[in-house]
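Student: Structure provided below as structure tokens; questions to follow.
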Amino acid sequence: MSAAPSPALTSPDRLRLYRQMHLVRRFDERVMELFGQGLIKGTAHACCGQEASAVGVCAALGPHDQVSSTHRGHGHLIAKGGCVDRLMAELFGKETGYSRGRGGSQHVAAYEVGFLGSNGITAGGLPIATGAALAIAHRQEPHVVVAFFGEGATGQGAFHEAVNLGAAWKLPIVYVCENNLYAMGTVISQTSPVPHVADRAQGYGIPGVVVDGNDLDAVYAATVEAVTRARAGAGPSLLECKTYRIYGHSKGDSERVYRTRAEEATWAAHDPLVLAAARLRADGLLDDASDAALVAAVYDRIEQAVEFAKTSPDPDPAAAATGVFAGE
Amino acid sequence: MPQMYYSHALREALIHEMDRDERVLLIGEDIAAYGGAFKVTSGLLERYGPRRVRDTPISENTLVGLGTGAALMGLRPVVEIMFMDFIALAMDQLVNHAAKFFYMYGQQRPVPLVVRTPAGGGRGYGPTHSQSLEAWLMHSPGLKIACPATPADAKGLLLTAMRDDNPVLFVEGKLLYQEQGEVPAGDCAVPFGQAREARAGSDLTIIAWSRMVGEAVIAADALAAQHGIEAQVLDLRTLVPLDVESIAAAVAATGRAMIVEEGPTTCGVAAEIGFRIFETAFEYLDAPLQRVCGLDAPIPCAGALEQVVLPERSRIASAAYRLANA
């Protein structure tokens, strides 16, 4: 693709996005601690290590743009402007959670910030997001949709069906793959005949772009280009963010038997937070003191969220089977 | 009141609502230029244009997801699945997504989606183009299910479906498309959850929906003519919501009940209705419950076999005769 100039991020923007990445990181680290303490039950999938794709993509979106997410979706929601209190409360199974405790980690929607929902079915969000893009196109609105998915989703028919349809109808959507190499424990090279998920785009006649998914600026620039194209009515793009999850698939995957500690060390040296901090320091926007203050403020904010969740009420057991249908 | 084909009554409902509500759009395979496999949407492309009548790729799962996503954004999509058998391809989006979103996401936003689909056999289409799969979806909380048996209800229930804020599976009788009946003009919406007495009778109650209502009425007429047995036929109209109150009242009045279902016997809708009767009207039963359902076999092509697998009027009449004399 030709390089389109992306609107430069201002210094405050860059610091805000850096802080947001820390917020995502700390949120999911704290969630794992809370699991360990038995304060959160069920399951959750930490997106630590993948903050740059969530934050970089959403930085290119406006409030009326929509996002659909995956099972590993806390970062997407936070990056789209979601409230960490209500997200944490959802994980605690509280009535104040976004889904009032009905959904849990994998089933959170926040329509007021354009978040169509995280999704417990691999590739399940792609048809939904494509439908949201259809609605936008139908009403000739200037908005776009981003459908996040993991590389494992490319094994699903729903992925191919949705991208094919979105491309055929030139809908205003960007399909964003967060390729963290492993679908649970199965490495993508065992299950895909092509080296890059973005290669799939050729089959649908849309641009396929590979980007360093741990590089916030690169993700942002590539998203701006794809979003600009979608807004202009030129149709979808497939953006592949190469990334890596620091922790296991879910809270139960502490041994990570399918990958080596050496591979993890290589990726740790390419941590998105470290990369972003280095750039900010090089540009004179961050130093030891301001970095420490920023991180401390993030920790405080997450503790507030934990406190909010802890002190929130449980859902009313009498309401367990109510609200199945709207209007009743 | 004008006589109208069931298929035309459906089209009338679509036209009525598309004229009235700009948010309604039609999505499906071959629904635009072709007019739908059973011609229900014939002429609507010309009337509303390709923006509101959209031909799609053959991707049933994504069509339902597309409708769900558009519904979340405030449209009121009507998705056509060409044969009910193909619902199997869309089960994930129907059951794990559309049906659950309102509850699962904390009741934030409804999913006003209609999925229209023709069900049933009798045309020799064979095992993958003949099924009645209501029971699968009735087993999935969050979906409403309408099954009109007459042209008037085809129009009236479809109007209601398009105005409902929930996902509605709208089951059309494949053999009913060419049936004629009186259909009111204008807005004749029929509320969900209100069964209809299709035939009066005091000796027993036959409970049915969709095409089996007509079969039951024919069987009942024959029974009356040959044996003087008067069977009441109750048309459920919708399976979700299920009008348990009317079922119980009917059973209480006649003391004998039989359920007719085109789908297979095991774990069918009939089994559920039977248990509801057990829960609500057991003390009124003068004889054991009966059911006449499809056999537990794929639906074969050959007419000689298909008519054995599917319930039909003579099997219903025989069972009703036995029940009346039990």
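Student: Quantify how strongly other chains surround peptide A:116-122 by giving the mean number of their Cβ atoms within 10 Å of each of its Cβ atoms.
Tutor: Counting other chains' Cβ atoms within 10 Å and averaging over A:116-122 gives 4.
Student: For each of B:MET91, A:MET88, count neighbouring Cβ atoms within 10 Å of the residue's Cβ, then give the residues from fewest to most.
Tutor: In order of increasing Cβ crowding within 10 Å: B:MET91, A:MET88.
Student: Check B:GLY193: other-chain or 5+ apart residues with amide H under 5 Å from its amide H, H built from backbone geometry?
Tutor: Placed amide hydrogens put B:THR238 under 5 Å from B:GLY193.
Student: Label the protein assembly as shown by shape, choosing from rounded, prolate and oblate, from the square roots a ≥ b ≥ c of the eigenvalues of the Cα gyration tensor; if a/c is under 1.5 it is rounded, and otherwise prolate applies when a/b is larger than b/c, oblate when it is not.
Tutor: Here the protein assembly as shown falls in the prolate category.
Student: Give me the inter-chain shielding for A:129-142: mean count of other chain Cβ atoms within 10 Å, whole number please.
Tutor: 6
Student: Taking neighbour counts of Cβ atoms within 10 Å as a proxy for exposure, in what order, fewest first, do B:MET82, B:MET258 appear?
Tutor: So the residues, fewest neighbours to most, are B:MET82, B:MET258.
Student: Take each complete run of DSSP H in chain A, measure how far its Cα atoms stretch along the helix's own axis, and keep only those covering 18 Å or more with mean Kyte-Doolittle hydropathy at least -0.5; list them.
Tutor: Flagged H segments are A:125-138, A:216-231, A:288-311.
Student: Once you order the gyration tensor axes a ≥ b ≥ c over the Cα atoms, which shape class does chain A get: rounded for a/c under 1.5, otherwise prolate or oblate by comparing a/b with b/c?
Tutor: Because its axes are fairly even, with a/c under 1.5, chain A counts as rounded.
Student: On a straight-distance basis, which lysines could pair with A:LYS251 in a cross-link, Cα separation under 22 angstrom, same-chain partners fewer than 8 positions away excluded?
Tutor: Within the straight-line limit of under 22 Å, A:LYS251 reaches these lysines: A:LYS41, A:LYS94, A:LYS310.
Student: Ranked from highest to lowest mean number of other Cβ atoms within 10 Å per residue, what is the order of the peptides A:268-278, A:149-159, A:316-326?
Tutor: Going from most to least packed, we get A:149-159, A:268-278, A:316-326.
Student: For B:104-116, what's the mean count of beta carbons from other chains sitting within 10 Å of each residue's beta carbon?
Tutor: Whole-number average of other-chain Cβ neighbours for B:104-116 is 6.
Student: In whole Å, what is the distance between the alpha-carbon centres of segment A:285-328 and segment A:142-156?
Tutor: Their Cα centres are 26 Å away from one another.
Student: Indicate the helices, whole DSSP H runs only, in chain B that combine a mean Kyte-Doolittle hydropathy of -1.0 or more with a Cα extent along their long axis of 20 angstrom or more.
Tutor: Qualifying helices: B:6-20, B:211-227.
Student: Considering only C-alpha atoms, what is the centroid distance from segment B:88-104 to segment A:187-255, in Å?
Tutor: Here the two parts' Cα centres lie 26 Å apart.
Student: Would you mind pulling out the separation of the Cα centroids of segment B:46-78 and segment B:291-323, in Å?
Tutor: 37 Å
Student: Would you order B:TRP209, A:TRP267 from fewest to most other beta-carbon atoms within 10 Å of each residue's own beta-carbon?
Tutor: The order, fewest Cβ neighbours first, is A:TRP267, B:TRP209.
Student: Mind running the shape call on segment B:226-326? Use the C-alpha gyration tensor, a ≥ b ≥ c as the square roots of the eigenvalues: rounded below 1.5 for a/c, prolate if a/b tops b/c, oblate otherwise.
Tutor: It comes out oblate by the Cα gyration axes.
Student: Place the peptides B:211-222, B:276-287 in order of packing, highest mean first, counting for every residue the other Cβ atoms within 10 Å and averaging per peptide.
Tutor: So the order, starting with the most tightly packed, is B:211-222, B:276-287.
Student: Could you tell me the relative contact order of segment A:104-204? Use alpha-carbon pairs under 8 Å, at least six residues apart, and round to a whole percent.
Tutor: Relative CO of segment A:104-204 lands at 25 percent.
Student: What Rg and what Dmax come out for chain B when only alpha-carbon atoms are used, in angstroms?
Tutor: 19.3, 59
We did not get these values from a lab; they are worked out from the coordinates using the rules stated. What you see is a predicted model; the values in this text were computed from it and never measured. In this analysis, Cβ positions are derived from the backbone assuming ideal geometry, glycine residues included, and neighbour counts consider all displayed protein chains.
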